[in-house]
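Everything below concerns the one structure shown next.
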Amino acid sequence: MDDIKRIKRELVAKGHILDYYHDTVQISNGNVVVWDFIGHKGAAAVVPVLEDGRILMVKQYRNALDRYTIEIPAGGVDSIDEPHYDAAMRELKEETGYTTDKLEFLIAVNTTVAFCNEKISIYVAHISGNGGAQELDEDEFINVIPYEVSELERLIYAGEITDSKTVAAIMAYKNKYVK
């Protein structure tokens, strides 16, 4: 990195969940280039595992893809200072209606390293009992569906689950917990 130097970062647009910048950078051959950069506060996600081993997934419409997706519950941190653990606990309750006493850290992923700094911390929640009511935001419409790990793996390889945090989480969970 000694041969690459950011000269300036200019805010182009400020959004609700991310900010768009132009970074002026001097690269190793001496040329000066402008790169797009998306600033993101970060996010947290949960692999909610029921007592029978099934994983609760959320099905929701995603505008960027113009289709419904199957994902693990997740959401952004409320501020850059909010612990990802706290955000994961909140998202589990909000999106599924379930709670847990403890989360186990599984992995962290950077979703799009070429132009965005979003980091998602992913946890495992072993949950029991019946969930309560979801606490969805007014713009969220989420169905909660339990799946066997083998079925999720099949959906990943069939190209039906393409969300990067979900693919990474399910495969890491399978590798670590499923024998």
Distance between the range 22-84 and the range 98-154 - C-alpha centres, whole angstrom: 12
Taking 20 °C and 1.002 mPa s as the conditions, I'd like the Stokes-Einstein D for the range 41-177 in µm²/s, using the Kirkwood hydrodynamic radius from alpha carbon pairs. 143
Please report, in debye to the nearest 20, how large the charge dipole of the chain is about its Cα centre when each Lys and Arg carries +1 at its beta carbon and each Asp and Glu carries -1 there. 560
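Bear in mind these aren't lab numbers, they're just calculated from the coordinates by the rules spelled out. Not measured: the values here are computed from a predicted model. Cβ atoms come from the backbone with ideal geometry, glycine included; neighbour counts cover every protein chain shown.
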